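As structure tokens, the structure follows; a few thoughts come after it.
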Amino acid sequence: MLASALYSSSRRFWTTASWLAASAALAGLLAIAVPALPAEVIAYGRLATIAGESRILYAGEGLNASIAVSLFGKILQFHVSGKCGSFNCIL
């Protein structure tokens, strides 16, 4: 009776461990398979389709916000979370 209890406990442990390992491997594969966010979306948000001739110089994602720096003609723009935070005209 003790042997059957130990066997079922051991079997439950290995079943749980194998499910945990499989789910961790699947999560790793999904994290690698997700494509990066386009820089235009980081800079302009939902208005990315009307970005026009702007050139994205830098785009980065943080924990709380995403930032981008773009050049539109001679205007240097700083974007935070899809909204233009500030701009400067380059002479």
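The values are calculated or read from the model by the stated rules, or taken from the named source; none is laboratory data. Fair warning: this is a prediction, and the values are worked out from it, not measured in the lab. FYI the Cβ positions are ideal-geometry reconstructions off the backbone, even for glycines, and counts take in every protein chain you see.
Of the conditions (1) touching an Asp or Glu at 6+ places or on another chain (Cβ under 9 Å); (2) outside any strand (DSSP E or B), GLY28 clears all except one; give me its number.
So the condition that GLY28 fails would be (1).
Test each condition in (1) at pLDDT below 85; (2) in the same structural domain as GLY85 (by TED's automatic domain parsing) for ILE75 and report the one that comes out false.
(1)
Do you know which residues across the stretch 55-91 are part of a strand (DSSP E or B), surrounded by fewer than 10 Cβ atoms within 10 Å (Cβ to Cβ) and either touching a residue at least 60 places away in the same chain (Cβ under 8 Å) or small (Gly, Ala, Ser) (or both)?
SER86, the sole residue that qualifies.
Can you tell me which residue among LEU71, LEU37 is closer than 19 Å to ASN88 by Cα and of a type outside the set (D, E, K, R)?
LEU71
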